[in-house]
Protein chains: 6
Amino acid sequence: MQALVVAPHPDDDVIGCGGSILHHIRSGHRVTAVYMTSGEAGSLDQPKEELRRIREAEAGEAASLMGFDDLIFLRNADGYLSINPENVTSLTRLIRAKRPEIIYFPHAGEGCRDHRITHEICAEALKRARGPWFQECPGEPWSVENVLCYEVWTPIAEISYAEDISDCIELKLKALRCHRSQLASIPYDEAVRGLNRYRGVMTGRGNHCECFQVLNIGKVY
Amino acid sequence: MQALVVAPHPDDDVIGCGGSILHHIRSGHRVTAVYMTSGEAGSLDQPKEELRRIREAEAGEAASLMGFDDLIFLRNADGYLSINPENVTSLTRLIRAKRPEIIYFPHAGEGCRDHRITHEICAEALKRARGPWFQECPGEPWSVENVLCYEVWTPIAEISYAEDISDCIELKLKALRCHRSQLASIPYDEAVRGLNRYRGVMTGRGNHCECFQVLNIGKVY
Amino acid sequence: MQALVVAPHPDDDVIGCGGSILHHIRSGHRVTAVYMTSGEAGSLDQPKEELRRIREAEAGEAASLMGFDDLIFLRNADGYLSINPENVTSLTRLIRAKRPEIIYFPHAGEGCRDHRITHEICAEALKRARGPWFQECPGEPWSVENVLCYEVWTPIAEISYAEDISDCIELKLKALRCHRSQLASIPYDEAVRGLNRYRGVMTGRGNHCECFQVLNIGKVY
Amino acid sequence: MQALVVAPHPDDDVIGCGGSILHHIRSGHRVTAVYMTSGEAGSLDQPKEELRRIREAEAGEAASLMGFDDLIFLRNADGYLSINPENVTSLTRLIRAKRPEIIYFPHAGEGCRDHRITHEICAEALKRARGPWFQECPGEPWSVENVLCYEVWTPIAEISYAEDISDCIELKLKALRCHRSQLASIPYDEAVRGLNRYRGVMTGRGNHCECFQVLNIGKVY
Amino acid sequence: MQALVVAPHPDDDVIGCGGSILHHIRSGHRVTAVYMTSGEAGSLDQPKEELRRIREAEAGEAASLMGFDDLIFLRNADGYLSINPENVTSLTRLIRAKRPEIIYFPHAGEGCRDHRITHEICAEALKRARGPWFQECPGEPWSVENVLCYEVWTPIAEISYAEDISDCIELKLKALRCHRSQLASIPYDEAVRGLNRYRGVMTGRGNHCECFQVLNIGKVY
Amino acid sequence: MQALVVAPHPDDDVIGCGGSILHHIRSGHRVTAVYMTSGEAGSLDQPKEELRRIREAEAGEAASLMGFDDLIFLRNADGYLSINPENVTSLTRLIRAKRPEIIYFPHAGEGCRDHRITHEICAEALKRARGPWFQECPGEPWSVENVLCYEVWTPIAEISYAEDISDCIELKLKALRCHRSQLASIPYDEAVRGLNRYRGVMTGRGNHCECFQVLNIGKVY
């Protein structure tokens, strides 16, 4: 199985679905992470070019710790992501090339604009990839069966799937802490542990859970 | 596997998910249908008591044709369904007693009030059934893994699952036609064939499809 | 009376409101169709320039069959429509020039992005055309009295008008079949017949109906 | 033509669509007003029975001034309106008995609960009246062609019809002032004049306008 | 200052706004807690009457620990709360009697029905309390200036106020743990600590925060 | 205290919150107005460059009458505002430079596109200004405590704050009338007086009120 994870910035993949990624790896699935931007706006003083380099390295380190190494950096300008032809085409191409059975990206209700734009780009690319259209995206039409949206800045209002990540919460947080440039100023690891604990208790599905909104599912039973 | 289908009136089960029911039967699953009302308001002249009797018989005939015989008639007043303690409790009890892995009921955006109320009752009963609460509903807590909402009067705006029923569309329509008292005045069979064909073509998932909104899913892959 | 039909791609006009167009023609009204794109992305192998030519010809053939010949091709890139100044201005100009009493365009809830963008462009152009603003759009201010949104990929959740097209469904489908390049891979004619039949039965307004969301109406009685 | 106006309390009819009522009268149409409650909660000291009597008389006086005398008082408890079988049935019966071509009631987004409940009751009754159902509501099925929702406490977000009432705004306000028991403490006449003036200027449809959300329309052109 | 906290069940007050309550107490404000139900459905075996007694005692203990003792138990049936005249009237009376400057209750998007109904009852009571209406609710009209909605089962999508409770998070959790009958089976304290930590980090307003949706505010600056 | 008012066009500031501006001035607060466009599309014949000059002068005159002179003209093309990097960055810079305690801009539901885009730009800039991000916007991170959205073309559905402007409604209207180029064709002053009167009566907060949606509040009591 091939899983595709699309993140607005490095670290959103780990925050939103790091535990689920670890489960894919453990099951022997291939995981590919696509970063729409390299998060170079995430500092008040570090030169952007330098921060981009650092954050891409941190993403690589986190991925390596989690057990995959297929990372794609689209290098849009952080904070200024837009649903332009290039981005829609890139994602559509990727979907037709990687032919993933499952895809993860931010949910539509995220307060952060880069997250919402990532959602729209992915939703649009999924529709395009599946039909006899858009020859600028080579490869056979491909329909991604399982489409899951994760939460980062804004919790999902109506969750439709909970993944119990109790068995790997510590490794998830360790991977998150690879993003040293970001955790230096904001303790995202504690925020994520908090949210995953809250979700686990309130859904009753495990000690720590990652929750998702299911946009599409390929097989129900 | 146990499937539970909740219908506001007899025939809504066949219209909304008759093909999916047939697939469950074919797979050897148990199917139980619960009718919130017996549809006795569906005529301008037939005495209600008589029409109730007729429609329950028609439901039995349709079920029998489809291959199941576990029908439960809650006999609320047709057209006047309400989310009262009796109904919420009945459904919660049923869920704890039948322990279904999958449940089908109308989606939240249906234009017909009885359908929306059925949705609310089911959504509420699902939450209650799963925790250490409500002792008036005997049995162990039970969490229904797969929750699918079907469409009858109002098409679903954002579908999240399509079941290809091309292999059994004719049998589904034959079952629907058992509801003679209703099809005498309104050709629901042609409406359903039309919608299922439209869904099949536009999703690209088969000749005829039943479409659903997934409220919850137990396992993604 | 002048009717203006705005379509994201050739064939959307026939799918969404082909029967209503036929009624306008029959009533002696003028009909103008505007195509935001020429649908040149609708193939995996045909060169885009060639497909554009073919699809514009198919649109002309369908229009001719329906009885009008005023077609305007705005030739935006198919799949990459955007609500930019050019498009908003073009539509506003057109409205002031044609002074239509009725306009048709896709509803706001369509799943396909080109359709949603077409909706936004039209909604915005309607507001601009009516006031003493935007001199780059020559002509007198013009307020379109009747604004109807049609359905193609996503059914309208709350319909506010149903047009009985039973008397011309076959001609509508014949016109749709002029779009040979598209129907070769996807049987849109059967999808449309299905949806129009479903709408007819469920609204009780005729055998086959086209349904609309009314954004504005000029006279109620 | 028969117009039916449904009001949660006496005075809501005049506030929401008094000018439109005057236009119906002027056109020789029949107008019937239905009051869900008699507004007897509208005071801190007057005995409810007495206030009910006063307000029904005020409604009669306003109607008489406007030129109609068909008033129906359903006398639900003011402030405690509920969508129960009695109310749904009463409205459905009325629709089948009066066979109106047009109906007016509050829009769904009103902040006041009695208004929202009135909306739901009317919307439900309209669906029931039109089909071969609900024999407890005698008469032939009847489909109301034109369904308009008016605004009182909460302005409509997306208006779809504006009626220019410049020619009768003063008479509308005079009719509103017949509701002396209410205007003694709150100057609704000035509020209404303000809203109607705002609507007139911002829509550009006249000096004073009443604005509506069109739920259904029978004929577009 | 008088603060009024309305909770569907004992413990919702502490979960949703326990830290804010502690701040009111510390500021010398009066705090009144109203429990719509006494949570007697919260067990699979304990007799309801007994559990009601226990949970009311737990609520008293938690309040006492937090520093207030004005508790009102409305004793609706747990799980079956409805927006009936009694409840709307009770709350309206309370508001006119207590004349609070600030009120807390669950937000409208809560997944649990008792929470949503509590929201509706409170929203309605607030509107009634403020005008010259409803003499069955004695006292002068009273307008509650500050209306805040808290989160329990479903996080708020768009928060509009964050209260930094870092200085009292441990005392809040200690108060929550007074609800022994509930925490025996579900570790709500860990869920709440998690959510409050997540909120604190993501809003940047403090280590632990309680977040609210502001429905009304009396003074902005 | 520093107040920041963001307006799509000159005159929207006065229409939406002119009374509130006057209260800030009276309290000795600093007021800065930012105009996203200079409204040069607001005529059918006047050359745009000339109208821009005129409208900026009218804005200056109105501000001067109200008692402030800090006006910033961003000079985007009127009618074609877009949420591009320049605009988001400009606003973020302004927020970090001016460090306002309160900000006013149009609410998200406005029918006019320039107003909605202004809303999005401001909402996004507020999020960016507050964290250790976006060094292209110099200055310390700044979190605007009080965020209020005003109404112009589309009334707010759920208002959360009403400012009583009865004491300065005439001065507000006088300031509005400085926008002679606009009021020559449309009597906005009468529209605004109407809406503010309606709001005052219906909220019961004063003779004339400006109503707002509160997106964020810094201190509740």
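Hey, among D:198, D:221, which residue is within 24 Å of residue F:200 (Cβ to Cβ) and among the aromatic types (Phe, Trp, Tyr)? D:198 is the lone residue from the list that is within 24 Å of residue F:200 (Cβ to Cβ) and among the aromatic types (Phe, Trp, Tyr).
Among the conditions (1) touching an Asp or Glu at 6+ places or on another chain (Cβ under 9 Å); (2) in contact (Cβ under 8 Å) with a residue 60 or more places away in the chain, the only one that residue D:73 does not satisfy is (2).
Against the list (1) under 12 Å from residue E:10 (Cβ atoms); (2) without any contact (Cβ under 8 Å) to a residue 12 or more places away in the chain, the condition residue E:49 fails is (1). Look at (1) more than 13 Å from chain B (Cβ to nearest Cβ); (2) part of a loop (DSSP other than H, G, I, E, B) and you find that residue D:115 fails only one, number (2). Scanning the range B:56-99 for residues that are over 14 Å from the mean Cα position of the chain (by Cα), closer than 30 Å to residue E:79 by Cα and away from chain E (no Cβ under 14 Å) yields B:75, B:76, B:77, B:78, B:79, B:80, B:81, B:94, B:95, B:97, B:98, B:99. Taking residue E:34, is it within 30 Å of residue B:82 (Cβ to Cβ) and in contact with a Leu (Cβ under 9 Å, 6 or more places away or on another chain)? Criteria met by residue E:34.
Quick check on my filter: what residues within the range A:182-202 are more than 10 Å from chain E (Cβ to nearest Cβ) and buried (at least 19 other Cβ atoms within 10 Å of the Cβ)? Hit for the range A:182-202 is A:182, nothing else. Restrict the check to the range B:96-103 and report whether at least one residue is assigned to a helix (DSSP H, G or I) and surrounded by fewer than 18 Cβ atoms within 10 Å (Cβ to Cβ). Yes.
Going by the structure shown, is residue A:207 closer than 20 Å to residue B:217 by Cα, more than 8 Å from every other protein chain (Cβ to nearest Cβ) and of a type in the set (S, T, N, Q)? Yes; evaluated as a whole, the condition is true for this residue. Can you say whether residue D:56 is assigned to a loop (DSSP other than H, G, I, E, B) and within 26 Å of residue E:128 (Cα to Cα), as far as the supplied structure shows? Answer is no for this residue. Criterion applied to F:214, F:152, F:220 was being assigned to a loop (DSSP other than H, G, I, E, B) and touching a Phe, Trp or Tyr at 6+ places or on another chain (Cβ under 7 Å), and the one residue passing it is F:220.
Restricting attention to the range D:192-211, the residues that are in a helix (DSSP H, G or I) and either in contact (Cβ under 8 Å) with a residue 24 or more places away in the chain or not small (Gly, Ala, Ser) (or both) total 11. Selection within the range D:134-150: residues that are crowded, with 22+ Cβ neighbours inside 10 Å and out of contact with any strand residue (DSSP E or B) (no Cβ under 9 Å at 6 or more places or on another chain). The member of this set that is nearest to the other protein chains (Cβ to nearest Cβ) is D:134. In the range C:127-145, the residues that are among the hydroxyl-bearing types (Ser, Thr, Tyr) never reach a residue that is exposed (fewer than 15 other Cβ atoms within 10 Å of the Cβ) with C-beta atoms less than 6 angstrom apart, at least six apart or across chains. The residue that is surrounded by the fewest Cβ atoms within 10 Å (Cβ to Cβ), among those in the range E:29-62 that are farther than 26 Å from residue B:89 by Cβ and touching an Asp or Glu at 6+ places or on another chain (Cβ under 6 Å), is E:32. Conditions: (1) closer than 23 Å to residue D:202 by Cβ; (2) within 14 Å of chain A (Cβ to nearest Cβ); (3) not in a helix (DSSP H, G or I). Residue C:41 meets all but one. Number of the miss? With respect to (1) closer than 23 Å to residue D:202 by Cβ; (2) within 14 Å of chain A (Cβ to nearest Cβ); (3) not in a helix (DSSP H, G or I), residue C:41 is out only on (1). Just one of (1) within 14 Å of chain A (Cβ to nearest Cβ); (2) assigned to a helix (DSSP H, G or I); (3) touching a Cys at 6+ places or on another chain (Cβ under 9 Å) fails for residue E:108. It is (2). State all residues of the range F:59-89 that are among the small types (Gly, Ala, Ser) and part of a loop (DSSP other than H, G, I, E, B); if no residue qualifies, say none. The answer is F:67, F:77, F:79, F:82. Criterion applied to A:185, A:181 was being part of a helix (DSSP H, G or I), more than 30 Å from residue B:143 (Cβ to Cβ) and of a type outside the set (D, E, K, R), and the one residue passing it is A:181. The set of residues in the range C:163-176 being touching a residue at least 12 places away in the same chain (Cβ under 8 Å) and more than 14 Å from chain B (Cβ to nearest Cβ) consists of C:163, C:164, C:168, C:171, C:172, C:174, C:175. Candidates in the range F:166-177 are the residues that are among the hydrophobic types (A, V, I, L, M, F, W, C) and under 16 Å from the mean Cα position of the chain (by Cα); of these, the one that is surrounded by the most Cβ atoms within 10 Å (Cβ to Cβ) is F:175. Filtering D:118, D:154, D:89 for residues that are crowded, with 23+ Cβ neighbours inside 10 Å and of a type in the set (S, T, N, Q) leaves a single hit, D:118.
We did not get these values from a lab; they are worked out from the coordinates using the rules stated. This structure is a prediction, so every number in the text was calculated from the model and none was measured. With ideal geometry, Cβ positions are generated from the backbone for all residues, glycine too; neighbour counts draw on all protein chains shown.
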